[in-house]
Amino acid sequence: MTQVYFIGAGPGDPELITLKGKRILEQADVVIYAGSLVNPEVLKFCKEGIDIYNSAQMNLDEVLAVTKKAVQEGKTVARVHTGDPAIYGAIQEQMDALKPEGIEYEVIPGVSSFLATAAALKQEYTLPGISQTVIITRLEGRTPMPKKEQLAHLASHQATMCIFLSVQMLDSVIENLTLGGYSIDTPVAIVVRASWPDQKILRGTLGTIGEIVKKEGVLRQAMIVVGRVLDADYELSKLYDRGFSHMFRDAKPTPAEE
């Protein structure tokens, strides 16, 4: 019987939690949520009178202690993370600690902030002829990066990049991206608090975005998107090309051929 659920609560808008995540929150007896990032509005889905803990004020041992105690008491635990917990969610260490205890758990995916950012920008990250690859990464901080994953190395691919947790080190981000091969006129978009009521979008290039951000005073909860998809002419998709056939549709001649 599953008693612990790791839930991706989405990027901010409480309506972006999945139906399954909402249902588990409604049923949970104990909720531990990442209070520094999760919108507290999602807690309105919880039953009245349950135990709710803000993990921003807890260390790993404390989180695990609350979880194990609740399981021993036969309670259902909802461990609520922002976005999708598979990306910079620090859930692996929690799950691995539950395994030796024989505690069953389930992961409920959520809408990641890099996807909410694309929605805010009304932008597709994979445009034909421009980029078919999305790199999700971050600048090295207190968590070191493997050598082959350092930003300058990744920049050499010229793919669309979604850079988490790095806006406070934007000067270094720009330096690494240009060192890796992006030209100074490469378009950049920064979305602050994607899907929240106070969402803000900043646009520029690698050459201008630094000053724009300084004027705005952006320091946290922002996604950096870099790549030519933000401003380039692109080929139309073959998926809906009338002259392209696939297993569900036969090709049709172009108007000029009819």
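Tabulated data
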| read-out | value |
| --- | --- |
| Answer residue from the stretch 118-153, given it is out of contact with any His (no Cβ under 8 Å at 6 or more places or on another chain) and of a type in the set (V, I, T) and is nearest to I174 (Cα to Cα) among those | T137 |
| Pair list, Cβ < 8 Å and 6+ apart or interchain, from the stretch 40-67 residues that are touching a residue at least 12 places away in the same chain (Cβ under 8 Å) to residues that are acidic (D, E) and part of a helix (DSSP H, G or I) | F45/E26; C46/E26; K47/E26; L60/E93 |
| Selected residue [within 27 Å of V192 (Cα to Cα), basic (K, R) and surrounded by fewer than 20 Cβ atoms within 10 Å (Cβ to Cβ)] from K22, K99, K69, K47 | K22 |
| Test: residue in the stretch 164-176 that is small (G, A, S) and surrounded by 15 or more Cβ atoms within 10 Å (Cβ to Cβ) | yes |
| Some residue of the stretch 103-121 being farther than 30 Å from P14 by Cα and surrounded by fewer than 14 Cβ atoms within 10 Å (Cβ to Cβ) | no |
| Number of positions in the stretch 203-222 that are crowded, with 17+ Cβ neighbours inside 10 Å and either basic (K, R) or under 21 Å from the mean Cα position of the chain (by Cα) (or both) | 4 |
| All positions within the stretch 144-159 that are part of a loop (DSSP other than H, G, I, E, B), surrounded by 13 or more Cβ atoms within 10 Å (Cβ to Cβ) and in contact with a Gly (Cβ under 9 Å, 6 or more places away or on another chain) | Q150, H157, Q158, A159 |
| Hey, I174 modelled with pLDDT of 95 or more, part of a strand (DSSP E or B) and either among the aliphatic types (A, V, I, L, M) or within 21 Å of L127 (Cα to Cα) (or both) or not | no |
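The values are calculated or read from the model by the stated rules, or taken from the named source; none is laboratory data. All figures in this text were calculated on a predicted structure; none of them were measured in a lab. Positions of Cβ are generated from backbone atoms using ideal geometry, with glycine treated the same way; all protein chains shown enter the neighbour counts.
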